[in-house]
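Peer 1: One structure, pasted below without further comment.
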Amino acid sequence: MYLQKMFSCSQLLARPNALQTFKRAASQGKMPLARAHGKSFAHRSDLRQAKRIVVKLGSAVVTRGDECGLALGRLASIVEQVAMLQNQGREMMIVTSGAVAFGKQRLRHEILLSQSVRQALHSGQNQLKDMSLPVLEARACAAAGQSGLMALYEAMFTQYSTCTAQILVTNLDFHDDQKRRNLKSTLHELLRMNIVPIINTNDAVVPPPEPNSDLQGVNVISIKDNDSLAARLAVEMRADLLIALSDVEGLYDSPPGSDDAKLLDTFYPGDQHSITYGTKSRVGIGGMEAKVKAALWALQGGTSVVIANGTHPKVTGHVITDIVEGKKVGTFFSEVKPAGPTVEQQTEMARSAGRTLASLEPEQRSDIICALADLLTERKDQILSANKKDMEHAVSTGRLSPAMLKRLSLSSSKLNSLSIGLRQIAVSSQDSVGRVLRKTRVANNLELEQITVPIGVLLVIFESRPDCLPQVSALAIASGNALLLKGGKEAANTNRILHELAQEALSIHGVKDAIQLVSTREEVEDLCRLEKMIDLIIPRGSSQLVRDIQRAAKGIPVLGHSEGICHVYVDHEASVDKAIKIIRDSKCDYPAACNAMETLLVHRELLRTPLFDQIIDMLRTEHVKIHAGPKFASYLTFSPSEVKSLRTEYGDLECCIEVVDSMQEAVDHIHKYGSSHTDVIVTENEDTAEQFLQQLDSACVFWNASSRFADGYRFGLGAEVGISTARIHARGPVGLEGLLTTKWVLRGEGHTAADFSEQGSMTYLHENLPVARVLPGRRTTS
């Protein structure tokens, strides 16, 4: 074995003591705890616990497309990620390719230079003839490229104050017991000193690759390429995780690029029979089959494995750190197969059943919703029992705020209200899917219709509100949409029983799978990446949840609002009684709601009047903590605590009070600090009110009414999936109509576009016709 440590004494002296670095990382809670080796991680989320990690860089990752030289941008990103994980207290090792490509570039340059010099000397002229390059032998290229490759790694890691060492190995180093012990001892010592070992096969002397017949069993594996080297090294060093980077996204169930190829999120040892291998990478001597065999061998040895794309990483571009954080990147090899379907399988099941649901008669969808409404009252004891378990667990852990606990709690009255709301949805569902919005006679015997259709597959993510599940389920059924539900773990028991009831109702007409509850360990961010399977995401929860989902959703529309900063403006011509009632209800009825008042704007002329005093007295009686806006604070000798930000959603018995000089200033203030959710004016002046209603650009604008009316149930929508502050599609409380889109249906008799050209015989009529209702299987006039 050839061992070369490429670091200088000066670097080591300038470097902090390795043990001190480890102790500091441990004290800061950054160092993963060591675990007993022998069993691989069962779930992706467990990868956060990986302490010793081997990163294998395939030839396609390290080399450029022309195979002459290194992909420096990719290498720089990889080095940054490895250094970051190393500085977190993890033990990182790299198995790298690239020496042959680096050497090929160097030797080609030398040969061209030599040929040009010789030709110039022999001819005595500056004109050079065409020069052909000889075929370069791989071993010679490896010999010429090893030192340059390592020098490049050393220079890159130095930028992160990380030291490296090079180790070259051959198959014999693992077959000879003494050499294998020496290798392991060297690696352990380097890791102890917080040095990143960079390992490669000694391609300058390595024999040609042999057949893969010995890639079986736990005890035997030959080193033929860097896949087998990385697997052998990971098992020998008892690594927690092996990350194998290649030029494909991961493992597919058929060759990538074929029409039916699907990326496998997780691969289990018993699934080899379902895999069809394609061609090898453009460079390297391995291939996907060799990678899978090496990965399974490492998995049997107790090391978890992920195969991922290192050339064009998806989503964030930080493929290594994303894998260690447990994100869905590449293919994860696991020995533990889940009992239920994966979330991808659930989505496919929901889409298939959802199409059947959309094709049902309106009366059939209504039957399903009414059955669910009946089950909510008939099985209320089971529901409340499950909810009690969730409440007791939440109280014992102390992780939920009083407002969140209130959202989590269910009662008989809540279930009765839910049942009533569902029946309203059942009635409205009679005229939803298949409704003709427009009908046009384009030409003789050529009619065009625009009709309502479901959006497709909805993903609804909600926190601490189990009553959301039957509401959203009923709206999805009424609109013919498939539904994926991801609830908070704090309501796991309640959500489970409510989902069972929803599926029981759906079973009446054979569409049980149209609504799926995601109970696997999927992170919300992972669900937001299923852009090919999910058509719309609807978050229901805190403003932070909504913001996180809006950031994470790549290519999937998100319907919702990130904040509910609602204002009530009290004009100088306001009624005392109306103002007191509206402010009390807007703030105190349900402070945690997104439609609760957060800022009270008061006209300057109302200061030091009985109306203002009554408002303050009422808020104090209701135990509302008041924060003074900058302008309001300037009028007071002893003011309440000045607000930190005028753009604050308190979600509790707190609010900000600010002073404005006019209705126009109130509108300007709301436009600057509001969230376009719901805003209210209290005044007896109709002209002032109309100007406020017209000028204010919010989803809901009210005159002399509480902000709490911004609710689908109060609007007569039966229920809502949320309140949207978006500018397109649905806005405000989103009920049944907001879950529909449209499609165009054209009925002709052999018409072609050529019929309407200059040479054609037909002309466009574009006559609007009375609309007709379109139902599955029949047509009736409305």
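Peer 1: For region 610-620, just list the computed ³J(HN,Hα) in residue order, Karplus coefficients 6.51, -1.76 and 1.60, θ = phi - 60°, integers in Hz, with x standing in for Gly and Pro.
Peer 2: Values, residue by residue: x, 4, 5, 4, 5, 4, 5, 4, 5, 4, 5 Hz.
Peer 1: If the chain between S161 and R238 were fully stretched, how many nm would it gain, using 0.36 nm times the residue separation less the Cα-Cα distance?
Peer 2: Between S161 and R238, full extension yields an extra 25.1 nm.
Peer 1: A follow-up question, please. Could you sort 422-431, 256-265 so that the peptide with the highest average Cβ count within 10 Å comes first and the rest follow in order?
Peer 2: Top of the packing list down: 422-431, 256-265.
Peer 1: For the ranges 645-657, 603-615, what's the packing order if you count other beta-carbon atoms within 10 Å of each residue, average per peptide, and put the highest first?
Peer 2: Those peptides, ordered most packed to least, come out 645-657, 603-615.
Peer 1: With each label point set 7 Å from Cα along the Cα-Cβ vector, what nm distance links D668 and S359?
Peer 2: 6.0
Peer 1: When the C-alpha atoms of region 350-552 are aligned to their principal axes, what extent does each axis show, in angstrom, from largest down?
Peer 2: Principal extents (Cα only, largest first): 72, 40, 26 Å.
Peer 1: What's the magnitude of the charge dipole for region 350-552 around its Cα centre, counting Lys and Arg as +1 and Asp and Glu as -1 at the beta-carbon? Answer in Debye, nearest 20.
Peer 2: For region 350-552, the charge dipole is close to 420 debye.
Peer 1: Using 0.36 nm per residue of separation minus the Cα-Cα distance, give me the extension gain between F638 and D661 in nm, one decimal.
Peer 2: Using 0.36 nm per residue and subtracting the Cα-Cα distance, I get 6.1 nm.
Peer 1: In what order, largest first, do H751, H499, H393, H572 sit by accessible area if the probe radius is 1.4 Å?
Peer 2: Ranked from most to least accessible, the order is H393, H572, H751, H499.
Peer 1: Kindly report the accessible area of region 567-720 per residue (heavy atoms of protein chains, probe 1.4 Å, no ligands, DNA or RNA), in Å².
Peer 2: 44
Peer 1: Another question, if that's okay. Give the Rg/Rh ratio for the chain, taking Rg as the radius of gyration of the Cα atoms and Rh as the Kirkwood radius, to two decimals.
Peer 2: Rg divided by Rh gives 1.07.
Peer 1: For T741, list long-range residues whose amide hydrogen, built 1.01 Å from N in the peptide plane, is under 5 Å from its own amide hydrogen.
Peer 2: Correct list: V453, I455.
Peer 1: Quick one: 3J(HN,Hα) in Hz for region 382-392, Karplus 6.51/-1.76/1.60 with θ = phi - 60°, rounded, Gly and Pro as x.
Peer 2: Whole-Hz 3J(HN,Hα) from phi for region 382-392: 5, 5, 5, 5, 5, 5, 5, 4, 5, 5, 5.
Peer 1: So, one more: Compute the long axis of helix 226-236 from its Cα atoms, compare it with the longest principal axis of the Cα atoms of the chain, and write down the angle in degrees, 0 to 90, nearest 10.
Peer 2: Taking Cα atoms only, the helix is inclined about 80 degrees.
Peer 1: Any idea of E91's accessible area? Nearest 10 Å², probe 1.4 Å.
Peer 2: My reading of the accessible area for E91 is about 30 Å².
Peer 1: Nearest 0.05, what FRET efficiency do D177 and K532 give at R0 = 60 Å with Cβ-Cβ as r?
Peer 2: For D177 and K532, the calculated efficiency is 0.75.
Peer 1: Using a 7 Å offset from the Cα along the Cα-to-Cβ direction at both H312 and L746, what is the distance between the two label points in nm, to one decimal?
Peer 2: Inter-label distance under the simple model: 3.3 nm.
Peer 1: Between R139 and N87, what is 0.36 nm times their sequence separation minus the Cα-Cα distance? Round to one decimal in nm.
Peer 2: 15.2 nm is the gain from fully extending R139 to N87.
Peer 1: Farthest toward the dipole's positive end in region 350-552, which of N416, L545, S432, given Cβ charges of +1 (Lys, Arg) and -1 (Asp, Glu) about the Cα centre?
Peer 2: So the residue furthest toward the plus end is L545.
Peer 1: Per the helix-only calculation at 222 nm, which mean residue ellipticity applies to the chain, given -39500 (n - 2.57) for every DSSP H run of n ≥ 4 and division by its residues, nearest 500 deg cm²/dmol?
Peer 2: After summing the helix terms and dividing by the residues of the chain, the value is -12000 deg cm²/dmol.
Peer 1: Still on this structure: Could you tell me what percent of the accessible area of region 567-720 is made up of carbon and sulfur, with a 1.4 Å probe and every protein chain present?
Peer 2: Looking at region 567-720 in its full context, I get 47 percent from C and S.
Peer 1: Placing +1 at every Lys and Arg Cβ and -1 at every Asp and Glu Cβ, with all other atoms neutral, what dipole size does the chain have around its Cα centre, in debye to the nearest 20?
Peer 2: Value, rounded to 20: 2660 debye.
Peer 1: Round to the nearest 10 and give me the degree value, 0 to 90, for the angle of helix 72-87's Cα axis relative to the longest principal axis of the chain.
Peer 2: Between the helix axis and the principal axis of the chain, the angle is about 80 degrees.
Peer 1: Let me ask something else. Kindly state, to the nearest 0.05, the FRET efficiency for Y268 paired with M193, given R0 = 41 Å and r defined as their beta-carbon distance.
Peer 2: 0.60
Peer 1: Quick check for region 567-720: number of Lys pairs with alpha-carbon distance under 16 Å, counting only pairs 8 or more apart or on different chains?
Peer 2: The result is 6.
Peer 1: Given the convex hull over the Cα atoms of region 567-720, what projected area results after averaging over all orientations, in nm²?
Peer 2: Here the figure is 8.4 nm², rounded to one decimal.
Peer 1: Roughly speaking, to the nearest percent, how much of region 350-552's 1.4 Å accessible area is carbon and sulfur?
Peer 2: With neighbouring chains kept in place, the figure for region 350-552 is 48 percent.
Peer 1: If one takes the longest principal axis of the Cα atoms in the chain, at what angle in degrees, from 0 to 90 and to the nearest 10, does the Cα axis of helix 177-192 lie?
Peer 2: So the helix axis and the longest Cα principal axis differ by about 50 degrees.
Peer 1: Further question on the same structure: Need one number: nm distance between label points at D652 and K512, each 7 Å from Cα along Cα→Cβ, rounded to one decimal.
Peer 2: Distance between label points: 4.5 nm.
Peer 1: Could you state how much accessible area Y252 has, in square angstrom rounded to the nearest 10, with a 1.4 Å probe and all protein chains kept in place?
Peer 2: Accessible area of Y252: about 40 Å².
Peer 1: Apply the Karplus parameterisation 6.51 cos²θ - 1.76 cosθ + 1.60, with θ equal to phi minus 60°, to every residue of region 688-696 and state each ³J(HN,Hα) to the nearest whole Hz, in sequence, with x for glycine and proline.
Peer 2: With the stated coefficients, region 688-696 comes to 4, 5, 5, 4, 4, 5, 7, 7, 6 Hz.
Peer 1: Which FRET efficiency value, to the nearest 0.05, is calculated for D374 and T609 with the Förster distance at 45 angstrom and r the Cβ-Cβ distance?
Peer 2: According to the calculation, E is roughly 0.25.
Peer 1: Still on this structure, please answer the following. Relative contact order of the chain: what whole-number percent is it, with Cα pairs under 8 angstrom and at least 6 residues apart?
Peer 2: 11
The values are calculated or read from the model by the stated rules, or taken from the named source; none is laboratory data. Note that this is a predicted model, so its numbers are computed, not measured. Quick reminder, even Gly has a Cβ in these numbers, built from the backbone with ideal geometry, and neighbours come from all protein chains shown. These accessible areas exclude ligands, DNA and RNA; they are computed on the full protein's heavy atoms, side chains included. Shrake-Rupley method; radii C 1.70, N 1.55, O 1.52, S 1.80 Å.
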